[in-house]
Each structure stands twice: as structure tokens, then as C-alpha cells.
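Contents: one structure, followed by commentary.
The values are calculated or read from the model by the stated rules, or taken from the named source; none is laboratory data. Predicted model, so just to flag it, every value in this text is computed and none were measured. When we count neighbours, we look across all protein chains shown, and the Cβ atoms used for this are built from the backbone with ideal geometry, even at glycine. Side chains included, ligands, DNA and RNA excluded: accessible areas come from the protein's heavy atoms. Shrake-Rupley method; radii C 1.70, N 1.55, O 1.52, S 1.80 Å.
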Amino acid sequence: MRGTVGGGRGRPAGPLRRGGGQPERGLAEAETAEEEQRKLLADVDELNSAIERAGVDRGDLLAAATAARERLTQVAARVDAARAEYPSVAARLSDFECRCSVGQQLIAAQRAAATSVGTESRLRATLTDVLERNRFASAEDAVSANLDSADADALANRIASHDAAVTAVTMILAAPELQDLPDEPVDITVAGQAMERLQGDLKTADDALSFARPILELMDGAADEVRSITRELVAVTSRYEMVARLAASVRGDAPNTMNMELEAFVLAAELEDIVRAANLRLRTMTSGRYELQHSDALARYRASSGLSLKVLDSHTGEARSPESLSGGEKFQASLALALGLAEVVTSRAGGMRLDTLFIDEGFGSLDSNTLETTMATLDSLREGGRTVGLISHVEALRETVPAQLNVKVVAGGWSVIDQPGQRENRTAASTVA
């Protein structure tokens, strides 16, 4: 197995030296970039934590709302028990009030009847007492015994009044609705029992009303609490939706229509600069045929978008996938991107140059014309003061690389390095499998 290593800045081969403190500055810049990346990841973690806290708050409020609904259900059950078979507590109260009114009217009628009976009894007792004290056998005897003009007038007036009363009572009793009344006095026992029942119902209604009032007040308080919790839940839900939408956009999920993560968005801006620098080399290596294009088109199968590349073919005028390039064309595109990356890193590092570039293999896929164009591009880098190292098995490179190192595998299984035209250096390298 043989290989050729070419390099140098057009001067004889010798040990490669690292210049000054430039690499340390590059490492410092890289560490700064990594610190910025860690800050971005920390911001994303903080947003995820905010989402989790908002979710916990939302769960607490939902639990409080559930407890309030359960309390409302209990209060409603107590109200249902209070109204019994009535449609509402107010309906039951209205029915009790109606019964009480009827009972009061019945009581008043009974009292009036009792008063009339009592008055009649008192008058009869008085008349009997007067007749007995005046030794009259009857009232008529008493009247006949004293018929002066004044008494006669008084008696006439009483008779007239009595006749009028009799006439009025007769007219009342002649009413059609009173024709079926019994001749005997009405028994008020049933009415008294009904009145007692009404009084009991009235007391029950008063007790139910007293029981229902605190329940209604409790329901009003529970309703106010539910409304307050609902307003808080709406506010927390609004904040949660805002934070969740922002976090989803940062992750590349909906409503991020490009499926582009925040990190990919930042890298896409850098990739555009790299592509512009790479096209300066690629157009030269491909004689102006190919040009790279950054594509932020939506990736299929919900893959992350924003870091894709297309290749514009000037022969067809259409952009196509880099996978459609041949092996040599892919090598040229990869080399152009590497050179473009070096240019961008140099510009980002405040002018710090990447003075050394190693290219491992890839030259075997190039035809003679493409190889010549590619080597001309690499020679232009050498002329700019850079060191370019080529690692390849292509024999044609022997004629174009001025400084070479040959690596040979000896019988013992290790490798030795020598320079053409100089004494072979038999220093052992690593074992080759």
C-alpha cells in the first residue's frame, strides 16, 4: 500500500510549524460561540420550565374549579330536598302561603260564627234573666205589660228591624248556592282540624324557608367563587397558550410553518454566508456551471428545515439536489464549502487566518480536466500564503505536488515515511490494520 502526501508553501519539505497565538484566539472565539449556544439552550430550557409551571398552575385551577362544582352540586341537592315535590323552593313557599291565607279566612269565619252564637246565647240568657227577675212568663207578657208610647215606638222599631233582618236572611238563604245546606248547624270540627293542619303546614313552610335561606346564601357565595376561579383560569390559560406557542415556534412545531428550530434559524444565516463564499470557488472549479443555493423549503415528513442546499445547473437553468451530482462534482462542491467555511470563520474571527488546510482523498473521482481545475484552485490558495496538504493515492498528483512524503508499509506491519531523493526515514508510525 502506497500513499502520497503533498504540501508546503512552494518551499522544501520540512516540519510544519504552528504560527504564534492565532490558534489560541480561534479557540477563544469557538468557546465564545459555544457559550452563546449554551445560553440559547438555557433560554429554551427556561421556556420549557415556564410551560411546565403554567401547566401545573392550570391543573391547580382546574382542581379548584372541580371542587367548586362539587360544592355547587351538594348545595343544589340540599335545595332539591328543601323544595320536595315542588318545582322550586319559591313555589313551595307560595303554596304554603296560599294554604295559610285560606286557613286564616276559615278561622275568621269560625270566629264570626262563634261570636254570633255567643251573642245569641247571651241575649237569650239576658232575656230569661230579665223575665225571671220581673216575673214574666214570657217576653210577650212583658211587652204587653208596658205599652206606653215610647215603648211602643221602641218596640215598633225593633219589630221593623227584626223584619228587615228576617227579610235579609231570607234573601240570603234563598240564594241558589245555599239551597242544599242542611237544616242543622254546621259542624266546625272538620274545619278546625283542617285549620290545625294548615297551621302545621305553615310552620313547616316557615322552617323550610329558614333552612333554605342560608343554603341560598351559600349558593350565591359558591357562584361568586366559581366566577372568580373561572376568570383566573381564563387568564392563566391565555398565558399558557402564549408561552406554549412561543416554545413550539422555537422547537420548530406549529405555528412555525417552516418546521425550523431557533438554532437552525441562526445557523441558516451563517450558511448563507458560507454558500456565497463557496460559490466563488465552485464557479471557478466547474467553469461556471454549478452554483450552490441555500434552501429554506419545508422538509418532508416533518423533518427540521432551514439547512438544505440545492445545486443550480446553468446548463439546464434548474436547481436540483446535490445527490444528483457525480462523485467528482460532489468532491468539488464539498471542497468549495470547506473553503467557504474557512473564509467565513476568518471574517468572523476578526481577520484571523486559517493558514493550513488538509484534504484527504476524493481526487480519484476526478477526470483529468477537473483535476487540473481543482489543483489550480488549490494552487491559488498556496500563492495566498496558505499551506495545503493533500492525502491521496492518485499517481497523477506526483507530477503536480512539489513537496511529497511517501508512507510505506514494511514487512513487520508498521509504516515508515521517506522523502523522494533523501535518505529513508525508518521511524515507525502507527500499525495499519
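Tabulated data
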item	result
Evaluation of K310 against (1) open to solvent by less than 70 Å² (accessible area, probe 1.4 Å); (2) closer than 19 Å to D273 by Cβ; (3) modelled with pLDDT of 80 or more (one fails), failing number	(1)
Counted residues, the stretch 227-255 - those being open to solvent by 30 Å² or more (accessible area, probe 1.4 Å) and outside any helix (DSSP H, G or I)	3
E85, sole failed condition from (1) in contact with a Phe, Trp or Tyr (Cβ under 9 Å, 6 or more places away or on another chain); (2) exposed (fewer than 12 other Cβ atoms within 10 Å of the Cβ)	(1)
Every residue from the stretch 25-40 that is within 30 Å of Y240 (Cα to Cα) and loosely packed, with under 12 Cβ neighbours inside 10 Å	E35, E36, R38, K39
The stretch 209-255, residues that are more than 18 Å from D60 (Cα to Cα), among the charged types (D, E, K, R) and within 19 Å of the chain's Cα centre (by Cα)	R245, R251, D253
Inter-residue pairs, beta-carbon under 8 Å, first among the small types (G, A, S) and in the stretch 401-422, second at pLDDT 75 or above and outside any loop (DSSP other than H, G, I, E, B), 6+ apart	S415/V407; S415/K408; S415/V409
Candidate set from the stretch 279-292 (those that are modelled with pLDDT of 85 or more and of a type in the set (A, V, I, L, M, F, W, C)); member that is least open to solvent (accessible area, probe 1.4 Å)	L292
For R135: the one exception among (1) part of a helix (DSSP H, G or I); (2) exposed (fewer than 14 other Cβ atoms within 10 Å of the Cβ)	(1)
Pairs with Cβ under 8 Å, 6+ apart, first in the stretch 332-350 and under 26 Å from N369 (Cβ atoms), second open to solvent by 50 Å² or more (accessible area, probe 1.4 Å) and modelled with pLDDT under 80	A342/L354
Options R111, R92: the member that is basic (K, R), free of Cβ contacts under 8 Å to residues at least 60 places away in the same chain and under 30 Å from D207 (Cα atoms)	R111
Unmet requirement for P176, which otherwise passes all of (1) within 24 Å of C98 (Cα to Cα); (2) open to solvent by 100 Å² or more (accessible area, probe 1.4 Å)	(1)
Filtered residue count, the stretch 200-215, keeping only those that are crowded, with 16+ Cβ neighbours inside 10 Å and either under 13 Å from Q74 (Cα atoms) or without any contact (Cβ under 8 Å) to a residue 40 or more places away in the chain (or both)	1
Inter-residue pairs, beta-carbon under 6 Å, first within 18 Å of V75 (Cα to Cα) and in the stretch 221-237, second open to solvent by 80 Å² or more (accessible area, probe 1.4 Å) and part of a helix (DSSP H, G or I), 6+ apart	A222/R71
Residues of the stretch 377-390 classified as under 21 Å from N279 (Cβ atoms) and either open to solvent by less than 30 Å² (accessible area, probe 1.4 Å) or modelled with pLDDT of 75 or more (or both), total	5
The stretch 352-376 - residue that is over 19 Å from G328 (Cβ atoms) and open to solvent by 60 Å² or more (accessible area, probe 1.4 Å) and, of those, modelled with the highest pLDDT	F358
Matching residues in the stretch 400-431 - criterion: being at pLDDT 70 or above and open to solvent by 30 Å² or more (accessible area, probe 1.4 Å)	T400, P402, L405, V407, K408, V409, V410, A411, G412, W414, I417, Q419
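Quick grid of which residues meet (1) under 21 Å from M219 (Cβ atoms); (2) among the charged types (D, E, K, R); (3) open to solvent by 70 Å² or more (accessible area, probe 1.4 Å); (4) assigned to a helix (DSSP H, G or I):
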residue: A77; (1), (2), (3), (4): yes, no, no, yes
residue: R92; (1), (2), (3), (4): yes, yes, no, yes
residue: Q105; (1), (2), (3), (4): no, no, yes, yes
residue: T115; (1), (2), (3), (4): no, no, yes, yes
residue: T119; (1), (2), (3), (4): no, no, no, yes
residue: D141; (1), (2), (3), (4): no, yes, no, yes
residue: S161; (1), (2), (3), (4): no, no, yes, yes
